[in-house]
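Only one structure is covered here, and it is reproduced in the block below.
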Amino acid sequence: MDFDWSPAEIAFREEVRAFIAEELTEDVAGSIFIDTPARIEFVTKMADRGWLGMGFPEEYGGSATPVPLAPFILNAELDRAGAPIIGKNVGTIASTIYHVASEEMKKDFLPKIFRNEGQWAITYTEPNAGTDLGSMQCRAVDKGDHFEVSGMKHFITSAHFCRWHWMALRTDPDAPKHKGISIFIVDHDTPGLSLSRMDTLGREGTTHRTNQVFFDKMKIPRSRLVGEQNKGFYYMMQALDYERFAILSFASRVRRFDNIVGWFRRADLNGERPAQDPHTRRSLARMAARVEVGTMLERLAICRAQEAVPDVEASMNKVWGASIGDEFAQLALDLLGPLGGLWGGEHSPFDGALADEYLMAGHARVAAGGVDTSKSIVARRLLGLPNALGKPELPQR
Amino acid sequence: MDIKLTEEQSQLQDMASRFMDKECSFDFVRRMEQESDIGFCRDMWAQFAQMGWLGMIVPEEFDGMGMGILDLVVLIRELGRHVCPSPFLYTAVLAADLIANSGSEDQQRDLLPGIVAGDTIYALGYQEYSRFFRPEHIKLRAEAHADGYALSGSKLFVEFADGADTLIVVARTGEADSCNGLSLFLVDRNSSGISTKHMPTMSRDRHYQVDFDDVVVPASAMVGELNQGWDALEPALHKAVVAFCAYTNGAGFEMHEHATQYAKERVQFGRPIGQMQTIQGYLAQLIIELYGADMLTLFTAFQIDKDRHTRGYVAKTKAFSAETVGHVMDVGSQIFGGMGYMEEQDTTLFLRRGKQYQLALGGTEYWEDVIAEEIIDREPVVLT
């Protein structure tokens with residue numbers, strides 16, 4: 001057992017830090033999304049260094065991994081700095097294409113992803129199919145050389161700046177619900193596809209939006225079917241294991257908590273020093289221990305990922321990370337008294353960002369497979385508890 | 001970075017697990033609770049010595065194995081799984097480390113081999129009649145005396161005091177209400193002027209009040225420098241605390257296994273209760289907390305062995321492990337419904353201990369204060 005980073009791992013981390021110091025300008029920081037020209041350029045610079053395709057074969061535009069843990073080191077450093085991270089494009093879409101798609105599709109799309117040639121939206125959720133994705137109804141009717149789609153999706157986060165949709169649609173309405181879904185790659189400018197904006201909570205300019213996506217007799221060529229028809233649900237589930245882990249680094253939570261502690265250390269409110277108040281001190285101390293546990297669980301998942309898909313550990317990460325984010329968003333406001341309700345202005349620490357975080361903190365608990373769903377994954381796969389049908393769903397570890 | 005146990009650590013864990021399975025059943029623990037005057041088994045202690053466990057962190061020149069706290073943590077987690085009653089923590093960790101690092105050459109030479117051989121058992125006299133663990137609250141006096149020092153006062157919660165040969169006593173020799181002005185003494189349990197009284201606890205373990213009535217000890221009984229006892233004790237105490245966390249994590253894992261097994265077997269409403277999302281949610285939350293506590297304990301032990309500044313990490317480890325073991329024993333018991341609260345039910349051994357573990361060796365308030373000192377009052381040391 002050796003918790004120290006190896007010299008090679010440290011060298012790679014230093015390289016990433018130097019890159020961030022050089023390239024992370026103010027207009028890049030502050031979002032994990034690759035949604036503006038500055039952020040796209042930042043990610044393309046990473047692509048130029050071969051950091052997007054690490055671990056994938058060269059024939060698909062991939063590159064060697066400098067050290068086995070490099071992808072995790074990279075994401076942790078990006079997340080800590082508040083930069084866009086190597087997210088779903090690689091973690092979900094490229095991984096799935098690489099494992100299940102045709103040779104032609106791999107040769108076509110993997111190099112584009114690794115060169116950051118366009119952004120992607122994950123287009124799964126429907127009003128009546130959220131956590132229970134298997135219940136999705138939006139049909140892709142098989143017309144031979146193409147599929148025809150009419151219907152809608154919502155909560156499609158990156159749809160307003162994407163070039164492609166990674167889209168799940170029902171292809172067999174008569175099969176058991178998990179056995180009638182397929183995945184497609186759909187160009188965003190396909191005729192018949194349109195968008196409507198949904199605003200998430202937050203002040204103008206401080207947060208991101210999401211979208212409804214509508215389809216009116218939209219045609220998808222058969223060549224854009226990913227892998228086998230009607231296997232889509234299983235591809236989504238496998239990818240979610242990667243996604244929970246690849247997209248959710250804990251480092252930004254550590255940074256945000258450290259910033260909060262830093263504020264309380266320095267604050268002087270008309271002569272009252274929060275740093276000397278026993279309740280404030282113990283509350284922050286308790287949270288510091290819980291934040292440290294998040295770092296430990298992430299470490300566990302990273303190490304597990306060296307041997308296998310860290311499905312259980314990724315779910316543990318999800319539960320703890322989202323819960324802790326919620327807890328300290330609440331705590332920060334509690335400790336501020338009436339100042340906690342401020343949404344900007346001169347007396348508001350961080351100019352209202354704590355309120356923004358508070359408002360969306362619960363969202364992290366429900367997004368990308370909610371906390372309670374993730375707990376059930378831990379219960380079934382690690383502890384071997386039966387699923388709702390009374391059978392262990394997957395072989396237990 | 002690699003978090004797999006080494007070959008040696010795996011062997012140690014297997015050996016400890018096999019030994020504990022064989023020798024430390026729940027019946028054995030109950031016998032120790034109900035029938036033993038000292039609360040542990042001297043034959044088992046002799047076996048610990050034979051297996052080399054008591055000398056794990058003792059330097060090789062004093063017959064020990066010179067291993068690290070990380071190795072120790074792997075071993076003691078298995079003891080915890082069986083809630084094994086033994087003075088291991090105070091003898092093989094606290095006393096061994098204290099004497100090895102702060103003892104005089106004479107003390108090291110004279111005392112360490114006795115720990116390794118299982119000849120001398122130590123208990124810690126620290127806590128007094130106070131809600132708090134901070135050293136400022138220690139009042140037991142040690143006054144200079146023609147033959148050394150004379151100790152007067154009372155210690156509480158001296159675990160295994162009646163089975164011990166030597167008491168490590170933290171006494172005030174100088175400045176009042178401060179962590180300065182304390183000195184450490186190794187006091188023969190049979191010295192005249194010492195009397196003990198059993199303090200009944202939920203755990204049915206062996207905690208004692210130890211009264212010191214002008215107990216005279218020679219000057220050579222002091223460990224470390226006069227009035228600087230806390231500086232000597234704190235690092236040893238930290239190692240004992242991390243080892244204790246491994247023990248309570250082990251107990252938590254064991255309780256969790258029993259609760260999980262029960263959830264698979266217990267049928268209500270025509271299906272195993274473990275099929276219900278509420279039960280799954282409880283058990284998942286608890287195992288996540290246990291994994292977190294376990295990783296943090298291993299991490300901190302590793303950093304202690306590297307001799308890094310770990311005060312904040314020890315405090316975080318204790319604060320979180322303590323909260324976790326309390327939570328696991330409480331919620332874990334509830335999985336059993338009414339049976340969780342029947343004396344005959346073995347898991348009540350865990351329930352009776354959970355809260356007490358949480359409060360032992362400094363409760364939440366103490367360790368949160370230490371964390372606050374480390375992250376608010378000074379530039380935090382971040383180990384990655």
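What follows draws every value from the coordinates through simple rules; no lab data is involved. It should be emphasised that the depicted structure is a prediction, and the values quoted were computed from it without experimental measurement. Because the Cβ atoms are built from the backbone with ideal geometry, glycine has one as well, and the counts that use them run over all protein chains shown.
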Summarise the partner chain shielding of B:272-278 as one whole number: the mean count of Cβ atoms from other chains within 10 Å of each residue's Cβ.
-> 4
Relative contact order, percent, of the stretch A:250-382 when contacts are C-alpha pairs under 8 Å separated by at least 6 residues?
-> 22
For the stretch A:148-269, with +1 on Lys and Arg beta carbons and -1 on Asp and Glu, the positive-most of A:S223, A:I181, A:V254 along the dipole = A:V254
Amide H neighbours of B:G224 at under 5 Å, excluding residues fewer than 5 places away on the same chain, with H built from the backbone geometry, are B:S104
³J(HN,Hα) computed for each position of the stretch B:141-153 - Karplus, 6.51 cos²θ - 1.76 cosθ + 1.60, integer Hz, glycine/proline x = 8, 10, 9, 4, 9, 3, 9, x, 9, 10, 9, 9, x
What is the diffusion coefficient of chain A in µm²/s, taking the Kirkwood radius over Cα pairs and the Stokes-Einstein relation at 37 °C with a viscosity of 0.692 mPa s?
-> 146
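Give the shape of chain B as rounded, prolate or oblate, defined through the alpha-carbon gyration tensor: a ≥ b ≥ c are the square roots of its eigenvalues, a/c under 1.5 means rounded, and otherwise the shape is prolate if a/b is larger than b/c and oblate if not.
Note, shape of chain B comes out prolate.
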If you average the sequence gap of Cα pairs under 8 Å that are 6 or more apart and divide by the length of the stretch A:1-91, what percent do you get for the contact order?
-> 35
Ordered by residue, what ³J(HN,Hα) values in Hz, to whole numbers, does the stretch A:49-62 give under the Karplus form 6.51 cos²θ - 1.76 cosθ + 1.60, where θ = phi - 60° and Gly and Pro are x?
-> 7, x, 7, 7, x, 4, x, 9, x, 4, 4, 9, x, x
Could you give me the ³J(HN,Hα) list for the stretch A:30-42, computed from phi with Karplus coefficients 6.51, -1.76, 1.60 and θ = phi - 60°, whole Hz, x at Gly and Pro?
-> x, 8, 8, 8, 9, 10, 10, x, 5, 6, 4, 5, 4
Which lysines have a Cα less than 17 Å from the Cα of B:K239, not counting those fewer than 8 places away in the same chain?
-> B:K306, B:K316, B:K318
When chain A is treated as a Gaussian network with springs between alpha carbons less than 10 Å apart, the largest mean-square fluctuation among A:D311, A:D372, A:D35 is found at A:D372
Provide A:S374, B:S220 in ascending order of the number of other Cβ atoms located within 10 Å of each residue's Cβ, fewest first.
-> B:S220, A:S374
Calculate the dipole size of the protein assembly as shown relative to its Cα centre from +1 charges on Lys and Arg beta carbons and -1 charges on Asp and Glu beta carbons; express the result in debye to the nearest 20.
-> 2920
Please determine, in degrees from 0 to 90 and to the nearest 10, the orientation of helix A:353-366 with respect to the longest principal axis defined by the Cα atoms of chain A, where the helix direction is its Cα long axis.
-> 40
Nearest 0.05, what FRET efficiency do B:D162 and A:H347 give at R0 = 51 Å with Cβ-Cβ as r?
-> 0.25
Spatial separation of Cα centroids for the stretch A:60-84 and the stretch A:254-331, in angstrom = 22
Taking other Cβ within 10 Å of each residue's Cβ, how do A:M237, A:M136, A:M167 sort, fewest first?
-> A:M237, A:M136, A:M167
If Lys and Arg each add +1 and Asp and Glu each add -1, what is the summed charge of the other residues whose beta carbon sits under 13 Å from the beta carbon of B:F253?
-> -3
Quick one: putting +1 on the C-beta of Lys and Arg, -1 on the C-beta of Asp and Glu, what dipole do you get for the stretch A:120-231 around its Cα centre, in Debye to the nearest 20?
-> 80
Of B:S10, B:L359, B:S130, which is farthest on the positive side of the dipole of chain B, counting Cα position, with +1 on Lys and Arg Cβ, -1 on Asp and Glu Cβ, and the Cα centre as origin?
-> B:L359
Can you give the relative contact order of the stretch B:280-345 as a percent, counting alpha carbon pairs under 8 Å and 6+ residues apart?
-> 35
Which of the listed residues, B:T297, B:T384, A:P37, is farthest toward the dipole's positive end in the protein assembly as shown, when Lys, Arg count +1 and Asp, Glu count -1 at the beta-carbon?
-> A:P37
Tell me, A:E298, A:E307, B:E225, B:E159 in order of fewest to most beta-carbon neighbours within 10 Å?
-> A:E307, B:E225, B:E159, A:E298
Nearest 10 degrees, 0 to 90: what angle lies between the long axis of helix B:7-23 and the longest principal axis of chain B (Cα atoms)?
-> 80
First check a/c for the stretch A:7-86, with a ≥ b ≥ c the square roots of the eigenvalues of its C-alpha gyration tensor; if it is under 1.5, answer rounded, and if not, answer prolate when a/b is larger than b/c or oblate otherwise.
-> oblate
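I'm checking a number: the convex hull volume of the Cα atoms of the stretch A:120-231, normalised per residue, in Å³. What is it?
Roughly 97 Å³ of hull volume per residue.
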Anisotropy class of the stretch B:124-226 from Cα gyration tensor, a/c 1.5 cut | oblate
Chain B, Gaussian network, Cα under 10 Å: of B:L75, B:L12, B:L290, the residue fluctuating most is B:L12
Estimated Rh, the protein assembly as shown: Kirkwood, alpha-carbon pairs, angstrom | 28.9
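Would you calculate, for the protein assembly as shown, the mean residue ellipticity at 222 nm contributed by helices, counting each DSSP H stretch of 4 or more residues as -39,500 (n - 2.57) and dividing by all residues, to the nearest 500?
Here the helix-only value at 222 nm equals -14500 deg cm²/dmol.
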Placing +1 at every Lys and Arg Cβ and -1 at every Asp and Glu Cβ, with all other atoms neutral, what dipole size does chain A have around its Cα centre, in debye to the nearest 20?
-> 940
Simple SL model, points at 7 angstrom along Cα→Cβ for B:D43 and B:S104; separation in nm is 4.0
Hey, which lysines would be in cross-link range of A:K45, C-alpha to C-alpha under 25 Å, not counting anything within fewer than 8 residues on its own chain?
-> A:K88, A:K106, A:K107, A:K112
